[in-house]
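Please read the structure below before turning to the comments.
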Amino acid sequence: MAENWLKFLGTAGARFVVTKQLRASGGLWACLEDVHILIDPGPGCLVRCLSSKPKLDPTKLAAILLSHRHLDHANDINIMMEAMSEGGFQRRGRVFVPRDALEQDPVILHYVRGYVEEIVPLRVGGRYALGPNVHFRTPLAHQHGPETFGFVFETPKRTISYITCTLYFPELAKAYAGCDLLLINTVRRKKEEMEERKIRHLSLEDARTLIEAIRPRTAILTHFGMTMVRAKPWELAKELSAETGVEVLAASDGMRFELP
Ligand SMILES: [Zn+2]
Ligand SMILES: [Zn+2]
């Protein structure tokens, strides 16, 4: 039977939690119908892959996906491209990134680009094949500063939405609706503080709004900033489950989630 699971290589979001490594920041490894996909390889991704038990082998990756060019998402993308291609000696794998990750002040170095089979710039409304039974869509542009896309993964048996960093706006719920599993980058505990400081991230309250509108079978919160880490995300997730009637989990570093 085909394997379907997610492994959280890190759950840190925003600068303080990442730079102090209060949580790890390696991104997310997804295995969908035996297709291995790496999403948002932040600082420490390679180290986390190789120190995972069992070890995650970068040469097994079919693709690397980047939601946007911020360092907490993109820091390890070059070394992961090198690892995926065995140091550049085996041209292998595909890389999907917003166009602004390739242009001015590119996060993907020019000399690394030839290591992979293809680099695909993402676009609004795009649908991309990762394997015969695995596709993903980029339904809309997020409001986050740099060009930013979330992902909707589709396999014959399940749909998984990943809402990456963004300011909340009502179109998000419709764009990511119809999923069995919903991943939400929940950086901030409170919404008010954000408006004051003009931080373009989702808060716990925004996560609740999205979970109530989308009503997936399971929602997983991840990418925590300082205010979320201090408030014990696992307790907040439990409260959210009780309030919404949807199973809500808080991701932890190294957590593996078997897709039902
Ligand atoms: Zn960001
Ligand atoms: Zn982020």
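The values are calculated or read from the model by the stated rules, or taken from the named source; none is laboratory data. Since the structure is predicted, the reported quantities are computational estimates derived from the model, not experimental observations. Cβ sites come from the backbone with ideal geometry, for glycine too, and all protein chains shown count toward neighbours.
The combined condition, being within 21 Å of M80 (Cβ to Cβ) and over 14 Å from the mean Cα position of the chain (by Cα), is not fulfilled by G126.
Here F151 fulfils each of the conditions (1) within 16 Å of ligand 2 (Cβ to nearest atom); (2) in contact with a helix residue (DSSP H, G or I) (Cβ under 9 Å, 6 or more places away or on another chain); (3) modelled with pLDDT of 95 or more apart from (2).
Here is a yes/no grid of residues against (1) more than 14 Å from ligand 1 (Cβ to nearest atom); (2) over 12 Å from the mean Cα position of the chain (by Cα):
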{"site": "T11", "(1), (2)": "yes, no"}
{"site": "I37", "(1), (2)": "yes, no"}
{"site": "G42", "(1), (2)": "no, no"}
{"site": "R48", "(1), (2)": "yes, yes"}
{"site": "S51", "(1), (2)": "yes, yes"}
{"site": "P54", "(1), (2)": "yes, yes"}
{"site": "A63", "(1), (2)": "yes, yes"}
{"site": "L66", "(1), (2)": "no, no"}
{"site": "A74", "(1), (2)": "no, no"}
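Residue-level analysis places D105 among those that are within 16 Å of ligand 1 (Cβ to nearest atom), at positive phi and surrounded by fewer than 19 Cβ atoms within 10 Å (Cβ to Cβ). Are any of the residues in region 13-29 in a strand (DSSP E or B) and more than 22 Å from R113 (Cα to Cα)? Yes, region 13-29 contains a residue that is in a strand (DSSP E or B) and more than 22 Å from R113 (Cα to Cα).
All conditions in (1) more than 22 Å from V229 (Cβ to Cβ); (2) more than 16 Å from ligand 2 (Cβ to nearest atom); (3) surrounded by 19 or more Cβ atoms within 10 Å (Cβ to Cβ); (4) without any contact (Cβ under 8 Å) to a residue 60 or more places away in the chain hold for L172, with the sole exception of (2). Is there any pair linking a residue in region 37-66 that is closer than 12 Å to G27 by Cβ to one that is surrounded by fewer than 18 Cβ atoms within 10 Å (Cβ to Cβ) and polar (S, T, N, Q), with Cβ under 9 Å and at least six apart or on different chains, and which? Qualifying pairs under 9 Å: P43/T19; P43/Q21; G44/Q21. Suppose we filter D72, D105 for residues that are of a type in the set (D, E) and within 16 Å of ligand 2 (Cβ to nearest atom); which single one remains? Unique residue meeting the criteria: D72.
Scanning region 13-35 for residues that are more than 16 Å from ligand 1 (Cβ to nearest atom) and touching a residue at least 60 places away in the same chain (Cβ under 8 Å) returns L22, A24, A30, L32, E33, D34, V35. Scanning region 197-216 for residues that are buried (at least 21 other Cβ atoms within 10 Å of the Cβ) and assigned to a helix (DSSP H, G or I) turns up L204, D206, A207, L210, I211, I214.
Regarding region 232-240, can at least one residue be identified that is among the aromatic types (F, W, Y), at pLDDT 95 or above and assigned to a helix (DSSP H, G or I)? Give the derivation first.
Applying the first criterion (among the aromatic types (F, W, Y)) to region 232-240 yields 234.
Now restrict to residues that are at pLDDT 95 or above: 234.
When the remaining residues are screened for being assigned to a helix (DSSP H, G or I), the result is 234.
Within region 232-240, one or more residues are among the aromatic types (F, W, Y), at pLDDT 95 or above and assigned to a helix (DSSP H, G or I).
Scanning region 139-165 for residues that are within 16 Å of ligand 1 (Cβ to nearest atom), buried (at least 17 other Cβ atoms within 10 Å of the Cβ) and of a type in the set (S, T, N, Q) gives T148, T164.
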